[in-house]
Structures are given as C-alpha cells and as structure tokens.
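First the structure, in the form of structure tokens, and then the observations on it.
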Amino acid sequence: MNPNHNHIPRRRFLATTAAALGLAPMAYLRAQQGSPNDEIAMGIIGCGGQGTSNMSNFLNIKGVRVVAVCDVDSNQAAKAKAKVDEFYKNTDCKVYRHYSDLLQHSGLDVVSMATPDHLHARIGIDAANAGKDIYGEKPFTWGLAEGRLLIDALTKNNRVWQTGCWQRSGGEFRRFKALIENDTLGKITRFECGTPSGMIVKQHVPADQVASMIGKPPETLDWAAWCGPVKNVAFDPRLHPFNWRWKMTFGGGLLLDWVGHHVDIAMWTLGLDGTGPVKVEATGELGKEEYFDSHVNYAYQGTFADGRLLEVRSDFGGTKFTGENGWIHVDRGKLEASDREMLRNLPADFDTKPASHYQNFIDCVRSRALTVAPAEAAHRAASFGQLAIVAIDSMQPLNWDPKVEKVLDNAEQARHPRLGARIAV
C-alpha cells in the first residue's frame, strides 16, 4: 500500500466498512485478508543492529514495502533510511523520531520492532491499539505482568504477532522437534537447555570520559523517549546503543536474551507454549563490572504441573533431551545424537522447505493465521526467565501458579519489579 496514493487502501476500506456495518470479528478477519498481490506497508521501530538486520530481511520479501523508519537516535534512523532508499533507488522512506508518529503514517499495515527490552510492552500495546500487526523481538517484555497486558492488546485488536525466535523456523530445530514428537528417544528422562554465560561490554566512549558525560545526552538522542516507562534515570554513555542489556533496569543479561531461543525450543517441542512452571529454583553469579548488574553465570530449573523438570544452565549451548534410547542435542548449525541412526526417524510428512521466519509473518498477516512464534509462546518463555531472575534475587525457590500468573505464599517475591508492569493501559 503506497502511502502517497490518494485512494483508500483496500484492507483499510474493508476494515472501516466492517466496523461501520457491525460485522462479526471472523467476518472482519476474512475481509481483511486481501489479495496475495496486495502490497504490505511496513514501518521499522528501532534501527540498531537487530532492527536493521530484520529490516534487511523484510526488504527482500516480495509484496512488502518498507515505507518508514523510526529511532530515538537520529544517527541510527538516518543510516536505516539510507539503506531503504538505496534498496528502492529513491528517497521516499520517511523518518520519525517517535514511534507514536510512525504509527500514524498513512497506509501503514505492519511494524517491525527491535528496541531495548523495557520498551517492548509500551510500543507493542500502542501498535496493536493502532491496528498494526507486529514482528517483535524477544524477550517478549521486560516485566511479566506487562507481557500479559501486551497479549490482551493483541487479542482485543485481532493483531498478528511474530516473535523474533527465528530458531523455530530453522531446519535443525524443526528436525529436533519432529524427532522428539516421533518418539525417537522413547521415554524421556532429562530435559536440558544451555544458554550463554558472560557479559560482552562494548566500549562506547573512553573510560576517562564517562563521568563528564553522565546526565548530558547528545543532541542526536532523545533520552527521555529512550527511557520510556523508566523514569528519573540520568543519561549514561555506557548504556546506549548496546550495553543496556547488562543493566537490569533495562534488560536481563544473557539469561533473558536467550530464554527466547533454546529454552523456547524446549517448551515448543514439549507442548508448553501455553503454560509455565509451577516451581522455579535458581542460582546466579554477578559479573565483576562496576556499573552493570546482570548475571554472568547462572543455573535454573522449572518443574511443570505434569512433573517434568526443565534444566537451564550457562555452561553449554543448545537443547538436549535424554531418554531410554539415548540422547539428541540441537544447537545452531548442528543436530547430534548418541546414535546417528536416530536422526533418520522423521515422520513421512515432515516439511523440508518451510517458509522463512520473516515470510511466515507476512504469510500470516495475509491469512490471519497463527505465526510459528506467537505471542503467548513468547510470553511463556520470557516468563520462565523472569521467574528465574526473581528466584536468584530472593535466593529462594519460587512457587508459581501459571494459570493466574501469581506467586504463591511469598509476598516479597510477589513484589519483585520483574513480575510487575511499569506501564499503564
């Protein structure tokens, strides 16, 4: 949908007509599907490394046009616009500093969102309320309660959501899931996940200049907008554009960065996309950085209602299940087994050529079907990591009711900021 056209875009016309006539939700959704030949207009919110990477993938999908980019850092936004303009060989791409302005861009259908964790919920809710489908990065949200608020907004507005848990579309991970579901291991006795340890702090500015720059954001950065729902935090040059993830006020370290990858694969494989553990036990070790406070080594485990125990550790990588017939271990670029013959045990209908993760999102925008990495699954994976952080901080096991998403019998844990919402709806 070209925003420069004067006519009303087909999908918007149908949506408006449906609302005026009071059509039932399913009738509206069928009308909204449109033709496969309709062009989908996309806006990019967050133009850092991951945001630009996602944008590059969408640029190469037929039937998608990136029409606008947005970043509170004008340098990042300018670089993104230059990439879009170079791709289309024109200067049509619009630039916005505030996402709320981008959401009002005429004819916009979908957004791709890749911002620091603490902004996911606020921007996601506002995008859903503006009627946009969303490709959003993991973890789903910074806080657990705000994750449920985001799901509520997506549901209320009938929005399509795809999480950037791209491993679900990767060949080796899909094979792992199919092998497990095909009873390759027999009775499974152990479920393990390995996510990275450490802390990779990038040197944004020389160490001897940090003190003089605190509280003085550059003119190219809208610091208040960058902070969003986090109030009264002075600008610190060590945070932006990458190191925010090591500060628990804004991110969750590698524990929360990666719970949406290998832990997500385990939960997906085990059919746990719609629930969470009933008990979480965890330990963690802080790094030696003076300013940053995320855990560099950690181990946590969740017991689910059916008694299965899912272990997560930072001393290896991937997802590994062990059963009476041996073990299978999947990681990026590899799929291994105690007996390689087990890797042949794929079901006859296994799809060897699925759509890419980005194409799956666009296909579902057109069909209104559930994406391969939907919102509820992303929320449940993120919540496992969020609960682990609370268990580490409190140095106590955490008992949890995944149906109502409440801590049981521990008022101190229940008050932990990670379980709340720093936004109002």
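Where a number appears in this text, it was derived from the coordinates with a stated rule and is not lab data. In this text the structure is predicted, and so the values were computed from the model without any measurement. So basically every Cβ, Gly included, is an ideal-geometry build from the backbone, and we count neighbours across all protein chains shown.
If Lys and Arg each add +1 and Asp and Glu each add -1, what is the summed charge of the other residues whose beta carbon sits under 12 Å from the beta carbon of residue 172?
Working: positive: 168, 174, 175, 177, 332, 334; negative: 331, 336.
Net charge around residue 172: +4.
Can you list residues from other chains, or at least 5 along the same chain, whose modelled amide H is less than 5 Å from the amide H of residue 94?
The list, which skips near neighbours in sequence, is 68, 69.
Using θ = phi - 60° and the Karplus form 6.51 cos²θ - 1.76 cosθ + 1.60, what ³J(HN,Hα) does each residue of region 184-194 get, whole Hz, x for Gly and Pro?
5, 8, x, 5, 8, 10, 8, 10, 10, 10, x
What are the semi-axes of the equivalent ellipsoid of region 39-156, taken as the square roots of 5 times the eigenvalues of the Cα gyration tensor, listed largest first and rounded to whole Å?
The three semi-axes for region 39-156 are 23, 15, 12 Å.
What does the charge add up to near residue 217, with Lys and Arg as +1, Asp and Glu as -1, over the other residues with Cβ less than 13 Å from its Cβ?
So the environment of residue 217 carries a net charge of -2.
Region 176-280: percent of C-alpha pairs farther apart than 18 Å?
The share of Cα pairs beyond 18 Å in region 176-280 comes to 64 percent.
Tally Lys and Arg at +1 and Asp and Glu at -1 over the other residues with C-beta under 11 Å from the C-beta of residue 313: what net charge comes out?
Taking every other residue near residue 313 into account, the sum is -2.
Please return the longest stretch of the chain lacking exposed loop sites, where GluC sites (Glu not before Pro) count only if DSSP places them in a loop and at most 12 other Cβ atoms lie within 10 Å. Provide the component values of the computation, followed by the final result.
On the way: sites that count: 219, 290, 324.
Counting at most 12 other Cβ atoms within 10 Å as exposed, the longest clean stretch of the chain is 1-218.
Taking each full run of DSSP H in the chain as one helix, which ones are at least 20 Å long along their axis (Cα atoms) and have mean Kyte-Doolittle hydropathy of at least -0.5?
Result, helices passing both filters: 375-394.
Among DSSP beta bridges lying fully in the chain, give the percent that are antiparallel, nearest 5.
If I count the DSSP bridges inside the chain, around 60 percent turn out antiparallel.
Quick one: dipole size for the chain, taken about the Cα centre, charges +1 on Lys/Arg Cβ and -1 on Asp/Glu Cβ, in debye to the nearest 20.
The calculated dipole for the chain is roughly 1020 debye.
Among the lysines, which have Cα under 16 Å from the Cα of residue 406 when same-chain residues fewer than 8 positions away are ignored?
Within the straight-line cut-off, residue 406 pairs with 279.
Set the bar at 19 Å for Cα to Cα. Now go through 132/247; 177/320; 62/89; 94/132; 177/353 and name every pair that lies beyond it.
On the way: 132/247 30 Å; 177/320 11 Å; 62/89 16 Å; 94/132 17 Å; 177/353 15 Å.
Result: 132/247 exceed 19 Å.
Need one word for the chain: rounded, prolate or oblate. Basis is the Cα gyration tensor (sqrt eigenvalues a ≥ b ≥ c); a/c below 1.5 gives rounded, then a/b vs b/c decides.
Because a/c hits 1.5 or more and a/b fails to exceed b/c, the chain counts as oblate.
Can you run the Rg to Rh ratio on region 237-306? Use alpha carbon positions and the Kirkwood inverse-distance Rh.
1.06
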